[in-house]
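Right, one structure below, let's go through it.
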Amino acid sequence: MKEAQSSEENFTSMRRIQGEDQDDDDDQTVHTMVTGVLKDTGGREYEGWKPRYRIPVANVTVQRTHTRSLFVSIDAGVTLQARELIFDSEKDVDGFHDKLRKEQEMEEDRKQWKIEAALGGIKLPKFETISLLVEIVSCWDIPAGDFGGTSDPYVVVMMGEEQIHQTGVIYKTLDPIYTLKTRSLFILTVDSFDLFKAGGLSFLVEDYDDFSSNDLLGVASVPAKDLYNGHGERMEYEFNTEGSIAIRCRRATDHDKEFLTNYEQSRQTTVTKEHPKTNTNDILSMVAKKSKKVDGTKLYKVRPNPDPLNDEATAWMSDAMISEATMEPSRHWVDSGTGDLGKIHLEVLECVGLPNLDVGGFLGNKTDAFVAVVYEDAYVMTDTIDDCLSPRWLPWSKRAFTLRMAHPSSRINVGVFDYDPGLSDHDLIGRISIDLTNLQQDTEYILSYNLYPSSQIEGRKSEGVIRLRLRKEIPDERLYAVTGIEPPRACHINVESMKEFRVVRQTCIGAIDYERFSFHIFMSYLNELRAYQHVLFYLEDALATLLLWRGHYPINLGFTKVKLPLHSMAAFVVAACLVERPQFIPSFVFGSIAWIMMAINGWRKNRPNLWDRCTSFKTVAMQLLFGISPGASEKIEPYENWVAAKSEIDKFMDRIKEAQRLAEVAEAKAAIENAKYEREEKERLEDIKEMDATTKTRGIRTAVDPVAQSMLPFQIALGMVCRCIRFVKNVLIWEEAYFSFWIVSACMFTTVVCLLVPWFFLIKWGSRIFVWTFFGPWMKLLDIYSQKIKDMIGDEDVWEQMQAVRSKDAKSEMRVRKENAKKMQIMKEHMFGKFSVSIPVLKLDRYADIPLPESSARPYKAKELSLAELAMEEAGYKRTRIPGQNLVGEMIPQIASEDFTAAPTGQAILNLDLLSRTSVGQGLKAAGSTKAAYVKIGSIVAAAGVLTVLGVPFLSMCTEWVLERVLH
């Protein structure tokens, strides 16, 4: 008979079971019993008897004894079992009874000792109730429970004998990763003393079986101390069989409780997006009047709706009135994104000359246009303008967006679509990508762009023009420049439907699917690579300017302007120094890189086309050193300097045409020579009668699909090559201005360092050390002891251990990355939608979208407001917040965002400079903030205290002196 064990010892294999065992045989079958009776997975055998169950002594009650029998009742939680224990003698019965009674008396002491050991010095507050957020992260290398060498694992969480949580089943894997969908998260609300009393939590991994009982694969115990002190870090524990489990634990917040409650109640997304609305489903809208004449003036129906504040006057307006109203400031703004680097204020004004993509144009059914904007993790849309090929969005419509910036190199992707109701997709009309690095702060831009279906493929055709108003707001320009060191973070936008997925995707990359083989795409890649030979024209001009001492840097001497050949002068001085001092060659290499990129920057900065210039090196340097940009605002008139810009473009195109003409002439000459050679060869073969007719074969025709399948990998490879070349080109020509700046700065620093390095000394002494170390007679000693060294280094066990450690570290790192990616993916699917789009973060377009010459820029000055107006604006009045999709945090991440409102705490308004001069709040500028007021009050009190301490005794002394003089 196995001795009874204490109720809290060695409970490493606990399992929630149901039913009742009625047989007493000793076979190997698994029996199920009610909660409280535990199957024994270990223990020692006694005279051939194998332990079957472990029963807590606290659950055993002796009813009576009779000769050699002991009658007991066992509390199994749900039922009470009666058992008769038969011994060899009455003495054994008495001995077992006494032993059981002593063990039960010592049970409370054992519990207290166990709790003190589990606490490990922690002092628990009395009656403390804690809520723990526990996440079952993953398991790996667990035993196989099925015949196919896999398992269908799920995890059961036990506290003592109570099951508190169970995950979902993940089929056919030995390395399951549990996510929100498989119930990886739960909140445990428990008295802290009860948690330590239970010894923590036990995690049982089991294999799910449809037609038989589930198999226990392993148990891992997590001490209460780890749970109590957890802060969300990843903790790993080994199972008692094989494999491991990773969990996270921290105190649950109110947000955690609310999130899990909402998730359990509904699987609906927590963030909803308003879709552009249209009335195109209404057949009457196609035949409704869109224009009319009143007193000889043609009026147009205002769409999507008239001004809510002046409905009658704005229901019908003339073209001039609509154009004037379009340029008015927007009344309502949509704030979106999670960046904290700055803000982009974007207004969609109008589109011109859109194609009609709807059927029934003769009935008035035309394109129903709306605009989608994607920027980093923000996705917003305008209202839909029905049946109009030149739609204009008026100030009271949904057209204005404030986009929060996280990286200076991120681009704004804008797509124009034709709205289609029902299951059909919205049709892409055209898209653009706005580069923000070349735009200045405190400047209001009105930008016009040609719309193209794609920016990657040649032979594209403009599908209309879009006009935007844009302004960039950067509070900390130094931080703005420093952030450019790192590449933009990877962004994904999740949406709820496949229809929206295609809108976001086409807004970012266009309507062409580059993952399918297309002969047009393939040839476009080849022609792009061929077009890079045009760089020879620039190299030709650069070498001519350098070697022929052509002036390029203008200097005003007062009476005349001259151009100095600075590059030629610098090249001559450097080359002369290198001839005499070859140790400067390393410095020259790095200096040349910086020099070339600075020359390209100067060339780009002085191009005639004002909209095709780049950020200068000086601008970024000033941002870093002083936190400001030189000439923070700029003014550009429509068509300014366009004649010179067009002349430059025409000259370059003429050079390309001339090069193509010369290539065609050379090709024609080569064809003539080839034909002449073939004719002579044929005549020679006819003369010797050795013409073999069997050499004439016809080309083998191949089916289209096999060719497409075989050519797709080449198309993908060509695309990767083209994208790599585009990135390098953009860095060289300062399209990626901040990457270019840091490369130039690093090269300049390395140039200076290399100038200080004594290269001859290092080479000389380095060569000496190498020769005297590896070519001396002492190398014979290495030969003598080489076998011992080889045996020591080549020990298979050592190498295997090193390889195992490296492999384990690599697997662990990869496992954590995979866990984080999968959990974030499932969390975003739940919060935003199951369709995910990867947003391009680098500038990899073949064709850059450059503003049209009618674009303009002017310095921006914010409108002065009254105290009430400014306070309401800072509080978020007339603004709608759409959160971005950048999640931060572990376990239950939250949307990363700053405060929606700019309203300060402790003062009326934040931006005192925007107050109107006639506003009653002008006194606040002098008064300052509440903090400043507290400082002033504190200063007055302190001064009064000092005067009291020093002044009162002084006044007393003076009074006494006066009184003494008067009285005496």
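Return the residue satisfying two criteria in turn: it lies in the stretch 587-609 and is among the small types (G, A, S) and closer than 24 Å to W759 by Cβ, and of such residues it is surrounded by the fewest Cβ atoms within 10 Å (Cβ to Cβ).
Out of the qualifying residues, it is S592.
Run down D152, D141, D109, D146 and say which single residue is among the charged types (D, E, K, R) and buried (at least 16 other Cβ atoms within 10 Å of the Cβ). Spell out how you get there, then give the answer.
Details: D141 fails: buried (at least 16 other Cβ atoms within 10 Å of the Cβ); D109 fails: buried (at least 16 other Cβ atoms within 10 Å of the Cβ); D146 fails: buried (at least 16 other Cβ atoms within 10 Å of the Cβ).
Residue meeting the stated conditions: D152.
Of all the listed residues (A531, A576, A544), the sole one being farther than 23 Å from I656 by Cβ and small (G, A, S) is A576. Residues in the stretch 161-173 that are closer than 21 Å to K822 by Cβ and part of a strand (DSSP E or B): 2 in all. Only a single item in (1) assigned to a strand (DSSP E or B); (2) of a type outside the set (K, R); (3) at pLDDT 85 or above is not met by V562, and it is number (3). Residues that are under 19 Å from Q533 (Cβ atoms) and among the polar types (S, T, N, Q) within the stretch 653-682 comprise just one, Q660.
Every condition in (1) open to solvent by less than 10 Å² (accessible area, probe 1.4 Å); (2) in contact with a helix residue (DSSP H, G or I) (Cβ under 9 Å, 6 or more places away or on another chain) is met by D425 except one, and the failing one is (1). Take the conditions (1) buried (at least 20 other Cβ atoms within 10 Å of the Cβ); (2) farther than 18 Å from T182 by Cβ; F203 misses just one of them, which is (2).
Among the numbered conditions (1) without any contact (Cβ under 8 Å) to a residue 40 or more places away in the chain; (2) surrounded by 17 or more Cβ atoms within 10 Å (Cβ to Cβ), the only one that F584 does not meet is (1). Do we have any residue at all in the stretch 512-525 that's in a helix (DSSP H, G or I), out of contact with any Lys or Arg (no Cβ under 8 Å at 6 or more places or on another chain), among the acidic types (D, E) and open to solvent by 40 Å² or more (accessible area, probe 1.4 Å)? Scanning the stretch 512-525, I find no residue that is in a helix (DSSP H, G or I), out of contact with any Lys or Arg (no Cβ under 8 Å at 6 or more places or on another chain), among the acidic types (D, E) and open to solvent by 40 Å² or more (accessible area, probe 1.4 Å), so the answer is no. Selection of the stretch 444-498 for residues being of a type in the set (S, T, Y) and either within 29 Å of the chain's Cα centre (by Cα) or more than 22 Å from E634 (Cβ to Cβ) (or both) yields Y445, Y449, Y452, S454, S455, S462, Y480, T483, S497.
Among the residues making up the stretch 310-322, those that are open to solvent by less than 50 Å² (accessible area, probe 1.4 Å) and either touching a residue at least 24 places away in the same chain (Cβ under 8 Å) or not aliphatic (A, V, I, L, M) (or both) are T314, S318, I322. Scanning the stretch 816-852 for residues that are open to solvent by 50 Å² or more (accessible area, probe 1.4 Å) and either basic (K, R) or assigned to a helix (DSSP H, G or I) (or both) turns up R817, K818, N820, A821, K822, M824, Q825, K834. Of all the listed residues (V134, V157), the sole one being open to solvent by less than 60 Å² (accessible area, probe 1.4 Å), among the aliphatic types (A, V, I, L, M) and touching a Cys at 6+ places or on another chain (Cβ under 8 Å) is V134. For the stretch 622-645, the set of residues classified as open to solvent by 70 Å² or more (accessible area, probe 1.4 Å), over 17 Å from A857 (Cα atoms) and not aliphatic (A, V, I, L, M) consists of F626 only. Of all residues in the stretch 441-453, those satisfying the criterion of being more than 18 Å from T326 (Cα to Cα) and at pLDDT 90 or above are T443, N450, L451, Y452, P453.
Looking only at the stretch 160-174, which residues are within 23 Å of D254 (Cα to Cα) and open to solvent by 30 Å² or more (accessible area, probe 1.4 Å)? Show your work before the answer.
At the first step, the residues of the stretch 160-174 found to be within 23 Å of D254 (Cα to Cα) are 164-167.
Passing the criteria: I164, Q166.
Just one of the listed residues (V352, V380, V334, V371) is among the aliphatic types (A, V, I, L, M), closer than 21 Å to I474 by Cα and either surrounded by fewer than 22 Cβ atoms within 10 Å (Cβ to Cβ) or within 31 Å of the chain's Cα centre (by Cα) (or both), and it is V334. You will find that of A372, A378, A406, the residue that is among the small types (G, A, S) and modelled with pLDDT of 95 or more is A372 and no other. A Cβ distance below 7 Å, combined with a sequence gap of six or more or placement on separate chains, defines the contacts here; from the stretch 230-252, residues that are on the phi < 0 side of the Ramachandran plot and part of a loop (DSSP other than H, G, I, E, B) reach residues that are open to solvent by 50 Å² or more (accessible area, probe 1.4 Å) and among the polar types (S, T, N, Q) in the pairs N240/T12.
Within the bounds of the stretch 492-499, is there any residue that is open to solvent by 90 Å² or more (accessible area, probe 1.4 Å) and within 30 Å of A406 (Cβ to Cβ)?
Step one: of the stretch 492-499, the residues open to solvent by 90 Å² or more (accessible area, probe 1.4 Å) are none.
Within the stretch 492-499, none of the residues are open to solvent by 90 Å² or more (accessible area, probe 1.4 Å) and within 30 Å of A406 (Cβ to Cβ).
One residue stands out among those in the stretch 175-200 that are in contact (Cβ under 8 Å) with a residue 60 or more places away in the chain and open to solvent by 50 Å² or more (accessible area, probe 1.4 Å): the one that is farthest from S151 (Cα to Cα), which is F193.
The values are calculated or read from the model by the stated rules, or taken from the named source; none is laboratory data. In this text, all values refer to a predicted model and were calculated from it rather than measured experimentally. Glycine gets a Cβ as well: all are built from the backbone with ideal geometry, and neighbour counts include every protein chain shown. To get the accessible areas, we keep the full protein, side chains included, count just its heavy atoms, and leave off ligands, DNA and RNA. Shrake-Rupley method; radii C 1.70, N 1.55, O 1.52, S 1.80 Å.
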